[in-house]
Amino acid sequence: MKDPALLLGRILIAAIFIMSGYSKITGYAGMSQYIASLGVPGVLLPLIILWELGGGIAILLGLFTRPVAAALAVYCVATAVLVHYHPADQMQMINFMKNLTMTGGFIYVAVFGAGGLSLDHKLKLRWA
């Protein structure tokens with residue numbers, strides 16, 4: 001019962017990153033303008049895409065799960081504070097809280113690992 005639940009949790013928490021990374025690829029020009037408006041250099045967009053898409057896929061597959069989850073937790077906090085913290089804008093504050101919620105989920109994943117239904121377990125990686 002535990003391993004299927006951990007897999008479902010990984011699927012659900014990875015989905016937003018996979019979809020977000022993919023949407024940044026398909027809407028590259030618009031996203032480049034948007035991040036530039038936030039003061040983020042456009043040259044970082046490929047790294048952001050790689051991190052979101054690659055990190056999401058790693059969590060989904062349960063590969064390098066604990067370190068990737070810990071890094072994604074930090075990413076969620078940074079994005080919450082740098083992009084979404086606008087107390088006068090209710091929608092941005094909802095996104096701020098969403099990011100903090102995802103941070104909590106990633107902390108759980110980092111602590112408890114991917115479980116038995118993962119590449120970490122199959123490959124017998126020490127953090128599985």
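In the chain, the longest principal axis of the Cα atoms and the axis of helix 65-79 are about 20 degrees apart.
A simple count of charges around Leu72, restricted to other residues whose Cβ falls under 12 Å of its Cβ and scoring Lys, Arg +1 and Asp, Glu -1, yields +1. Here's the list of aspartates and glutamates a cross-link from Lys122 could span, going by alpha-carbon distance under 15 Å and ignoring same-chain residues fewer than 8 apart: Asp3.
When Met19, Met91, Met102 are sorted by how many other C-beta atoms sit within 10 angstrom of their C-beta, beginning with the fewest, the order is Met91, Met19, Met102. The dipole here belongs to the chain: it is taken about the Cα centre, uses +1 on the Cβ of Lys and Arg and -1 on the Cβ of Asp and Glu, and is about 380 debye.
Of all the Cα-Cα pairs you can form in the chain, what percent are over 24 Å apart? Every Cα pair in the chain considered, those over 24 Å come to 31 percent. Please report the relative contact order for region 2-114, taking Cα pairs under 8 Å with a sequence separation of at least 6, and give it as a percent rounded to a whole number. About 30 percent, as a whole number.
Between Ala5 and His86, what length in nm is gained on full extension when 0.36 nm per residue of separation is reduced by their alpha carbon distance?
Contour length minus the Cα-Cα distance gives 25.7 nm.
Tell me the angle of helix 28-37 to the major Cα principal axis of the chain, expressed in degrees between 0 and 90 and rounded to the nearest ten. Taking the Cα atoms of the chain, the angle to 28-37 is about 70 degrees.
Each value in this text was obtained by applying a stated rule to the coordinates, not by laboratory testing. Bear in mind that the values here come from a model prediction, so they are computed numbers and not experimental data. Using ideal geometry, Cβ is built from the backbone for each residue, glycine included, and neighbour counts are taken over all protein chains shown.
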